[in-house]
Structure formats: structure tokens, C-alpha cells
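What follows is one structure encoded as C-alpha cells, with my remarks underneath.
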Amino acid sequence: MVVVIPAYQPDEKLKKVVLELKDKTDFPIVIVDDGSSASCQPLFSELEAHAVVLHHEVNCGKGRAMKTAFNYVHNNFPHDDGLITVDADGQHLIGDIISVAREWTENPDALVTGSRRFTGEVPFKSRAGNAITRAVFAVATGKKVYDTQTGLRAFKISLIPTMVELKGERYEYEITQLLHCTRYKIPIVEVPIETVYIKGNESSHFHAFRDSWRIYKIILMFISSSLLSFLLELILANIINLIALPALDPSMRVLLSTAVPRVLSSIFNYLFNRKLVFESNDKASFLRFIIVASFVYFLHYGLTLLFDYLFGHSLFWLCMICAQLISYPVTFVLQRKFVYKYRRKDLGHD
């Protein structure tokens, strides 16, 4: 098992982590100095006696620091071995690091994470941030991961080429790892660990707004694409509804007012989601999209017809909104599970 520690502006807590690892384990250690200031260089020089220390000239972000270490490990260690990432701020106890490493040996094809339970004295922003991210991740993937932001993770070295290609240079890289695993059916095994926040987590370099945006961007982009598609559909539906002949049967007016706008908005939605949200290059996804879009259309049409009967045709815009609020979650789940599905063999995994 090789230990990777990304470090930016570390203090003596990093030294303590390294010395404890050397005392309790025989794990090789790779540290990445992610552009730390000159005042930190004596510490890195001291640690060179115990670990391989790689340097970035400037701060590139936690994700990039891990990728730098991953490349080194991939080129210098057996590919059937494991790799474990550990934070430099002393928040991962040596016993927990060993527990995660031991669990990985039992599940070498999984991503094994040290999962904090946020008990005891935990800063409010950390507790709230993890709760929000946990909920957003569950909605976006259908997979429940209790601690989505833990930096204590283990996986096999043979996965490094794929991990290096994943998007994300800073804190969002860790959520991208989890998304990759859920997409490609790589098991995520959580090992409960102690929740340790030293001095209110004041040493953390996590930027609440900037880094949270990077983490939540994927789900927000899906919502944006759906909102834009809905607005396009709503505008076209009302235009068609206004010019439809009054003599038409109400069900026929609803059919005309939903079919054409749905086809156009669906094409927009497919192109947006395929390129910007799910980043899928699977051309067969269009056929699956047509199947899902057809199913959701008839669901939407039936709901619109029902609300048109209940509210009256003069409130057609309200009928459309109500139908969309019900059909949207169905659309999201079906697109994630069926249209833009991922298979492990797509990346050459066993």
C-alpha cells in the first residue's frame, strides 16, 4: 500500500502524520508540495528522509497534486498494489488509515473510503456542507455515500490512468472520483472513522463558495438544462395553444400544444445533457433517449390533460407547470439510469 499526501502550506501536523505512518506501518509515502511558500520548505526537506517529496512551483490545487503523485506511483510501484490518499492536516488518525488499508485488501476492486460520522464538536459549516453535498450526490447519482468529501481513500494502482484523466484540479476532484465510480459500477465501500477537526478546522484551504460551486456544478447544470427546456416548451406550447382553432376538441388542443414543443425541447435537452452534463459519447444513447422521451411525453400529456380538466383551459400554463413538476424527477432518474448509462468495460475494467 502506497500512501499519497497532497500538502499545501503544511505545519508540524504533516510531520506527525508521516512519523506515525513510518512507526506503525511499512507503507511507502509520496508527498506533493503543492506550491507551498518558502517558509514550509525546511519541513519538506526534513521529510525527504522518510518519504518521496514532489514539488509544484505554484499552487495547482488538491486534485492536481494527487494526480502528480498518482503518476509517480503508477511509474514506480507494482500495479497490483493499492494506493491510499491521506490529508496533511492530521485529521486522519493512524488507526483509521490502517483500517481503510486493511479493508481495501479485502475489496481490491472497490474504492474504499474513510467515512466520518460527524459526531462530537464539528464546525457548523463542515456539518452542513457535508449534509448538503450528501443529499445532492444522492439525487444526482441514486447512490448514498455518507461522507462524500473525505480525503481518506484507497484504490488499486491499476486504476491510476483513469483517475488521472478525470476532470477536476481542486476539491471538486474528489467528488468526480465518486461520480466516476457510480457511473462505471465500481463499488464504494465506506469504513467508519473518527471525525477529527483541529482548532475548528482552521487549517483547511477549502473555499466555501468557490469549491462548493465546483462540487455542485453537475447537478445544477442538469437542473439548468431542464429549466431551459421547460421554458422553451412552455413558450411554444402557449403560442400553439393561442393559434389553435377554438373548435378543436380540448384533448386535441392539448395534444397539439404538447407534442410539437416537446419534440423541439427534447432535442435541445438531449444535446445539452449529452455534451455538458453527463459527458457521454455513446451514440446509442440517442435511441435510448427517444424511448425515455416518448414515455415521459405520454406521462406529461396525461398529466396535462388531467390538470386541464381540473383547472380549466384558461389556466393552461399552470397545467403545464404542474405536469412538469411531476415528470421532471422521472426524467432525471431515467436519463441517469438508462440513457446516459455507463459500463465498467467502457474503460477496460474487468
In segment 142-168, which residue that is of a type in the set (D, E, K, R) and open to solvent by less than 20 Å² (accessible area, probe 1.4 Å) is modelled with the lowest pLDDT? D147
With the first residue restricted to segment 169-187 and required to be under 15 Å from L159 (Cβ atoms), and the second required to be in a loop (DSSP other than H, G, I, E, B) and open to solvent by 20 Å² or more (accessible area, probe 1.4 Å), Cβ contacts under 6 Å at 6 or more apart or on different chains are T176/L166; T176/K167; H180/L166; T182/K143; R183/Y342; Y184/Y342
Looking only at segment 1-54, count how many residues are under 21 Å from K67 (Cα atoms) and small (G, A, S). 5
Looking for something in a helix (DSSP H, G or I), open to solvent by 60 Å² or more (accessible area, probe 1.4 Å), out of contact with any Phe, Trp or Tyr (no Cβ under 6 Å at 6 or more places or on another chain) and modelled with pLDDT of 75 or more - is there at least one such residue anywhere in segment 341-350? no
List pairs: first in segment 1-12 and farther than 14 Å from G35 by Cα and open to solvent by 20 Å² or more (accessible area, probe 1.4 Å), second assigned to a strand (DSSP E or B) and of a type in the set (A, V, I, L, M, F, W, C), Cβ under 9 Å, 6+ apart or cross-chain? M1/L83; M1/I84; M1/A154
Exactly one of D11, D33, D26 is acidic (D, E), farther than 16 Å from G151 by Cα and touching a Phe, Trp or Tyr at 6+ places or on another chain (Cβ under 6 Å), and that residue is D33
Within 28 Å of C181 (Cβ to Cβ), among the β-branched types (V, I, T) and at pLDDT 75 or above - does that describe any residue in segment 265-282? no
G120 modelled with pLDDT under 80, open to solvent by 30 Å² or more (accessible area, probe 1.4 Å) and in contact with a Pro (Cβ under 7 Å, 6 or more places away or on another chain): no
Subset of segment 83-100 (residues that are buried (at least 22 other Cβ atoms within 10 Å of the Cβ) and more than 18 Å from Y171 (Cβ to Cβ)): L83, I84, I97, V100
Which residue pairs have Cβ atoms closer than 6 Å, lie 6 or more positions apart in sequence or on different chains, and pair a first residue in segment 131-156 that is without any contact (Cβ under 8 Å) to a residue 60 or more places away in the chain and farther than 26 Å from A69 by Cβ with a second residue that is open to solvent by 20 Å² or more (accessible area, probe 1.4 Å) and part of a helix (DSSP H, G or I)? K143/T182; K144/A138
Can you tell me how many residues in segment 55-70 are more than 19 Å from I157 (Cα to Cα) and open to solvent by 40 Å² or more (accessible area, probe 1.4 Å)? 5
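The values are calculated or read from the model by the stated rules, or taken from the named source; none is laboratory data. Note that the structure is predicted; figures quoted are calculated from it, not measured. FYI the Cβ positions are ideal-geometry reconstructions off the backbone, even for glycines, and counts take in every protein chain you see. Only protein heavy atoms, including side chains, enter the accessible area calculation; ligands, DNA and RNA are left aside. Shrake-Rupley method; radii C 1.70, N 1.55, O 1.52, S 1.80 Å.
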